[in-house]
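Structure first, then comments.
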Amino acid sequence: YNRVEGLSLGALVHQDIGAGYSADLAARIGTADIHPRGELTIARMDAFRTISLGTYERLAVANDWGSPLSFGASVGALLFGVDEGLYYRATGVELSGRGTGSAAFSWRVFAERHREAPVETHESLARLGGKRFHDNIAATRAELLGASARFAATLGDDPLGMRGFGDLRLEGATGDLDYARAMVDATLSVPLFGGWSGALTGAGGTSVGVPPVLRVWYLAGGHTG
């Protein structure tokens, strides 16, 4: 549930083809925007990595932090009228890969068209008290060819001991706009007392060129404020 789609209903069909290959076909539609979306993906998986080729029409998220399309975020939007997602419509094709383990590397090559996704509903239980969803970003209309990569690593396996987490993200694209961006964040978790732990996170990023509105940096909200 979000302020663009309202309640989004969907279906997924999965088929194992053999030799490590599988196919997924997903379709969904929102009750507020009545905009059909779907994805078709062919993937090959082994013990170390998954390689996928897909085409899609999706509601995408500009946020670098948080999971606005998750179940928990949907509950918050429906009950409390809080939707921290920054959304846009994306249509395209992508080739992507991801690894497994404590040091996970993922990458994506894409050809994509972006459009705005206006707010279509203000309904929530909090609406009874007069609360409305805030406006969405006005996404830049653009056709882009680009690539991105992400490297996430974890140090320390003991949940009660000292642990470290790191995340490096890189992205660049050309087409109607030319830009590149990079971001890194790191977290240190330290055990305190009585099973409690404390954590400190720092993050920073930069961009060059002319990034579209949906690829600039957005702060505040429950994950950065």
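The values are calculated or read from the model by the stated rules, or taken from the named source; none is laboratory data. All values reported here derive from a predicted model rather than from experimental measurement. Here the Cβ positions follow ideal geometry from the backbone for every residue, glycine too, while neighbour counts run over all protein chains shown. For the accessible areas, the whole protein counts, side chains as well, though only heavy atoms, and no ligand, DNA or RNA atoms are used. Shrake-Rupley method; radii C 1.70, N 1.55, O 1.52, S 1.80 Å.
Here are a few things to note about the model shown:
- Accessible surface of Thr201 - all protein chains present, 1.4 Å probe, nearest 10 Å²: 90
- Expressed as a fraction of 2.2 N^0.38 Å, the C-alpha radius of gyration for the chain is 1.12.
- Pair-distance distribution of region 1-64: all C-alpha pairs, bin width 5 Å, starting at 0; shares per bin in whole percent are 4, 16, 21, 18, 17, 12, 8, 4, 0.
- Share of Cα-Cα pairs in region 50-104 lying beyond 15 Å, as whole percent: 64
- At q = 0.16, 0.18, 0.19, 0.23 Å⁻¹, base-10 log of I(q)/I(0) for region 116-225 (Debye sum, equal scatterers on each alpha carbon): -0.93, -0.99, -1.02, -1.20
- When the Cα convex hull of region 24-157 is projected onto planes of every orientation, the mean area is 10.0 nm².
- The residues Phe165, Phe193, sorted by heavy-atom accessible surface at 1.4 Å with ligands and nucleic acids left out, run Phe193, Phe165 from largest to smallest.
- Surface accessible to a 1.4 Å probe, Val184 within the full protein complex, Å²: 80
- Between Leu12 and Ala149, the simple spin-label model (points 7 angstrom out along Cα→Cβ) gives 2.8 nm.
- With each label modelled as a point 7 angstrom along the Cα→C-beta vector, the Arg113-Arg98 pair spans 2.7 nm.
- Accessible area of Met162 (1.4 Å probe, protein heavy atoms only, ligands and nucleic acids ignored): about 120 Å².
- Sorted on the mean count of surrounding Cβ atoms within 10 Å across their residues, most packed first, peptides 118-124, 151-157 read 118-124, 151-157.
- The residue among Tyr179, Asn136, Thr121 whose Cα reaches farthest toward the positive pole of the charge dipole of region 99-225, with charges on the beta-carbon of Lys, Arg, Asp and Glu, is Thr121.
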